[in-house]
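Bear in mind these aren't lab numbers, they're just calculated from the coordinates by the rules spelled out. Just so we're clear, the structure is a prediction, and the values are computed from it rather than from any experiment. Note that each Cβ is placed from the backbone with ideal geometry, even for glycine, and that neighbours are counted across all protein chains shown.
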Ligand code: AMP
Ligand code: ZN
């Protein structure tokens, strides 16, 4: 496949370190609150990448961390620790908060058909590894102790900004307005590997270390977790675009300084989901969650379909209107699949191979999911047997994850099942028709209201009156 690599700023042919195998690392959630649907856009597109690689024949190992410690409230290492803030808000311990929101995160993922990773590692379970790596970084001169903390010395690197070619000053922490500079740092981009002198009075989780009781910086967890489960060479590292700097930049700095050779070859960054009034944020109070979509009557897979219709390297604007359009299109798609016959005719392998090749070409080109969806419509339009179409839909859905055959089967079952109370409804409709014929509008309207109260909506047309449950 071809994949855009943020590290080279180019679309590249994908060649894993070990033929046939892919190691894939994903920065996991910070579990102090529910994930918003923006976070989930990132995981969802990464899931499509994982599924596509499997579809393409690779043996994939996907690794994810859970940030349950050490995530500071801003890049500038200021503010309040997010985990402590969450615990205070809900009068729970930090570990209770972490467990609750980790479970909630994976429940949301399940609803969106995002596969559970092969490895899930909470950051708190890796303290010995952080200490081992930090010790070596100190021994080799890549790190220094100042003011009680251990810092990574970015001046020791030949190239620090891997992802950003543009104005380095724009990105530099400490020069932003209102950000208090950490005077312990030798260089403005140096970052903390281990804190003992926290800015947060009430940091809840602390461990003993050669540098005193404290806790790890945020970036070290991903380097160590990745190295533990993927070894010294990682194939693909994923995350939202906001993670490119400073998080991924710092991950590369410390991993390569530790290993002494290049570490991760491909970097995949998903651009943001925004609302009309700007960026989505968990700290802004009310925010968009999968549960909110469900409360408003949307199937979470409608949101998955919505995401698939646009490219992961473009920001995407969320609005209820956009989601409604996706819902209409998704429902129509399911209805078209449901209309396919159970034709037992054998699958036309030649035609199937042709359509599969088109699908692989589309999605394999830097994950062009909207073209992948188009390939699905092409199958529905194709001049081939319904058995072939069903087989292809089943096949493409291994990557798209839209549950099309399952939803279509449910729809057919529902349509075939006798509707409870149908007789009573039909009788009322007949009574209303009589009333209308007799120009007894009051009775006709009263019956309409009665049906409405029963949750039944009626529609009059030339062909007669039809009804639906609402
Ligand atoms: P967090 O839980 O804040 O660490 O974020 C989890 C993931 O969501 C990270 O990969 C972020 O880069 C990503 N992310 C954060 N905000 C958005 C957004 N609005 N749209 C897409 N991805 C996001
Ligand atoms: Zn990370």
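Computed from the C-beta positions of residue 322 and residue 132 and an R0 of 51 Å, the FRET efficiency is 0.60 to the nearest 0.05. Most tightly packed first, judged by the mean number of other beta-carbon atoms within 10 Å of their residues, the peptides 261-271, 130-140, 151-161 read 261-271, 130-140, 151-161. Estimated from the Cβ-Cβ distance and a Förster radius of 56 angstrom, the FRET efficiency linking residue 442 and residue 99 is about 0.40.
Once the piece of chain linking residue 332 and residue 358 is laid out straight, how much longer is it, given 0.36 nm per residue of separation minus the C-alpha distance between them?
7.1 nm
In terms of its C-alpha gyration tensor, segment 1-148 has an oblate overall shape, because the principal axis ratio a/c (a ≥ b ≥ c, square roots of the eigenvalues) is not below 1.5 and a/b does not outweigh b/c. Does segment 284-416 come out rounded, prolate or oblate by the C-alpha gyration tensor, with a ≥ b ≥ c the root eigenvalues, rounded set by a/c under 1.5 and, if not, prolate when a/b is larger than b/c and oblate if not? Verdict is oblate for segment 284-416. Placing one equal scatterer on every Cα of the chain and applying the Debye formula, the log10 ratio I(q)/I(0) at q = 0.10, 0.11 Å⁻¹ is -0.82, -0.95.
In degrees, nearest 10, range 0 to 90: what is the angle between the Cα axis of helix 441-453 and the longest Cα principal axis of the chain? Once rounded, one gets 40 degrees. The length gained on full extension between residue 459 and residue 186, counted as 0.36 nm times the residue separation minus their Cα-Cα distance, comes to 90.9 nm. Where both bridge residues fall in segment 2-270, DSSP classifies roughly 40% of the beta bridges as antiparallel. Our helix-only sum for the chain, with -39,500 (n - 2.57) per DSSP H run of n ≥ 4 divided by its residues, gives a mean residue ellipticity at 222 nm of -14000 deg cm²/dmol.
Rounded, prolate or oblate, given the Cα gyration tensor of segment 2-270, with a/c below 1.5 counting as rounded? Could you put the intermediate results ahead of the total?
Details: a/c = 1.60, a/b = 1.19, b/c = 1.34.
Because a/c hits 1.5 or more and a/b fails to exceed b/c, segment 2-270 counts as oblate.
Could you sort the peptides 397-404, 457-464, 339-346 by per-residue average Cβ neighbour count (10 Å cutoff), highest mean leading?
Descending mean neighbour count gives 397-404, 339-346, 457-464.
Taking every alpha-carbon pair under 8 Å whose residues sit at least 6 apart, the chain reaches a relative contact order of 16 percent.
Any idea what the relative contact order of segment 340-470 is, in percent, if you count C-alpha pairs under 8 Å spaced at least 6 apart?
Relative contact order comes out at 16 percent.
Consider a paramagnetic label point 7 Å from the Cα of residue 292 along Cα→Cβ; state which residues of segment 8-47 have an amide N under 15 Å from it. Backbone N within reach: 33-41.
Mind checking the log10 I(q)/I(0) for segment 330-393 at q = 0.12 Å⁻¹? Debye, one equal scatterer per Cα, no solvent, two decimals. Debye curve over Cα of segment 330-393, log10 I(q)/I(0) at q = 0.12 Å⁻¹: -0.29.
Only beta bridges with both residues in the chain are counted; by DSSP, about 50 percent of them are antiparallel.
Label sites at residue 417 and residue 207, each approximated as a point 7 angstrom past Cα along Cα to Cβ, lie 5.0 nm apart.
Computed from label points 7 Å out along Cα-Cβ, the spacing between residue 383 and residue 395 is 2.0 nm.
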